[in-house]
Amino acid sequence: MKILENKAAIVTGSSKGIGRAIAIAFAKEGCKVAVNYCHTRESALEVSDEIEKINPSGSIVIQADVTAEDEVKRMVNDTIAAFGKLHILVNNVGIFHRCSFLEMSLQEWESIIKNDLTSVFLCSRYAVPHIVQQKWGRIINISSTSGITGGTSGAHYAAAKGGVISFTKALSSELAKSGVTVNAIVPSKIGTDMLWGSYDEEGKKTLLTKIPVGRFGTPEEIASLALFLASDNAGYITGESIVASGGYK
Ligand SMILES: NC(=O)c1ccc[n+]([C@@H]2O[C@H](COP(=O)([O-])OP(=O)(O)OC[C@H]3O[C@@H](n4cnc5c(N)ncnc54)[C@H](OP(=O)(O)O)[C@@H]3O)[C@@H](O)[C@H]2O)c1
């Protein structure tokens, strides 16, 4: 039997990068996956096509902005309508605009908080009632080392990602008795559009010298950690935040 046979998941922001790798890793283990995106339908359809090759009728594609309450509600309802159940929510969406504190407008602050933290609340708020009904579930939140160290991306991103870690702990306590674990993955320097868009060639070379293992991480390495946290093998782990950063602080 596959690790996630008979399970159903929503992976937010799974048209690209880390979310895409998680959606595909889950599908390979028998999970039905709602592939969510906001802007790039083509990429989401490609992920869904890839899943269908592995697991026919194993995916749906849902356009929904996870910062908008009515769209999140629709995303969860459409998933239940398609799969009849929901066990796993991966709160993966996050955006990033590097900004120094003295240049940070309220609008800039609110945009990051909304996309990186409020979205985690909203998706959890609408998905958890369905997950709890199954008496077995997993919520996996994608944070960042900036949420622990402060990082160099800006106070807004650090505050949002630190908030994800605290939210994870609080929700894990509330759901502990219901068979649902809640954990965070704390990545850094993973080769995705988000990372490549933030550094020029010179910046990438300099950054590489600061990563102890001497390379960038891959989305698949984060996906394998997500798969472990989603599996029965991780049933005794909850409220934790697990760093995957190649030693980068
Ligand atoms: N890459 C890294 O080094 C790194 C390090 C630490 C933490 N992280 C975290 O890991 C997560 C994934 O990052 P990534 O690097 O894979 O990012 P990415 O390559 O930029 O992909 C982001 C995904 O999120 C979707 N998305 C963005 N805004 C959305 C919204 N409002 N509603 C729904 N979907 C939305 C995008 O879809 P559309 O294109 O359709 O909008 C895309 O599928 C983020 O939370 C990020 O903060 C990444």
TODO: Determine the order of His97, His87, His39 by accessible area, beginning with the largest, at a probe radius of 1.4 Å.
DONE: His39, His97, His87
TODO: Determine the dipole magnitude for segment 82-188: charges of +1 sit on the beta-carbon of Lys and Arg, -1 on that of Asp and Glu, nothing else is charged, the reference point is the Cα centre, and the result goes in debye to the nearest 20.
DONE: 500
Task: Amide H within-cut-off set for Ile185, under 5 Å, with H built and near neighbours excluded - done: Asn141, Ile142, Ser143, Ile242
TODO: Run the dipole for segment 134-213 about the Cα centre, Lys and Arg Cβ at +1, Asp and Glu Cβ at -1, nothing else charged, and hand back the magnitude in debye, nearest 20.
DONE: 400
Open item on the list: Can you find, among Thr218, Ser153, Thr238, the residue sitting farthest towards the positive end of the charge dipole of the chain, where Lys and Arg contribute +1 and Asp and Glu -1 at Cβ?
Closed with: Thr238
Open item on the list: Test of the criteria: in segment 102-152, which trypsin sites (Lys or Arg not before Pro) are in a DSSP loop and have at most 12 other Cβ atoms within 10 angstrom of their Cβ?
Closed with: Lys135
TODO: Pairs of Cα atoms under 8 Å, at least six residues apart: use those to get the relative contact order of segment 8-244, whole percent.
DONE: 20
TODO: Sum -39500 (n - 2.57) across every DSSP H segment of at least 4 residues in the chain, then divide by the residue count to get the 222 nm mean residue ellipticity, nearest 500.
DONE: -14000 deg cm²/dmol
Open item on the list: I want the local charge near Ile131. Using Cβ-Cβ distances under 11 Å, sum +1 for each Lys or Arg and -1 for each Asp or Glu among the other residues.
Closed with: +4
Task: Whole-Hz ³J(HN,Hα) from phi, Karplus 6.51 cos²θ - 1.76 cosθ + 1.60, for segment 67-76, glycine and proline x - done: 8, 10, 4, 5, 6, 5, 4, 5, 4, 5
Open item on the list: Give me the percent of accessible area attributable to carbon and sulfur for segment 198-249, probe 1.4 angstrom.
Closed with: 56
Task: Relative contact order [Cα under 8 Å, 6+ residues apart], segment 43-161, whole percent - done: 29
Task: Given charges at beta-carbon only (K, R positive; D, E negative), |dipole| of the chain in Debye - done: 660
Open item on the list: I'd like to check one number: the per residue accessible area of segment 150-235, probe 1.4 Å, reported in Å² as a whole number.
Closed with: 46
Task: Cut-off under 5 Å, modelled amide H: who pairs with Gly217 long-range - done: Ile190, Gly191
Task: Table column - 3J(HN,Hα) (Hz), segment 124-136, Karplus curve with 6.51, -1.76, 1.60, x for Gly and Pro - done: 5, 4, 8, 8, 4, x, 6, 5, 4, 4, 7, 6, 7
Open item on the list: Based on alpha-carbon centroids, what's the gap between segment 187-211 and segment 24-54 in Å, whole number please?
Closed with: 26
TODO: Would you mind checking the tilt of helix 219-230 against the longest principal axis of the Cα atoms of the chain, expressed as 0 to 90 degrees and rounded to 10?
DONE: 50
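The values are calculated or read from the model by the stated rules, or taken from the named source; none is laboratory data. Note that the structure is predicted; figures quoted are calculated from it, not measured. Because the Cβ atoms are built from the backbone with ideal geometry, glycine has one as well, and the counts that use them run over all protein chains shown. We work out accessible area using only protein heavy atoms, side chains counted, and drop any ligands, DNA or RNA first. Shrake-Rupley method; radii C 1.70, N 1.55, O 1.52, S 1.80 Å.
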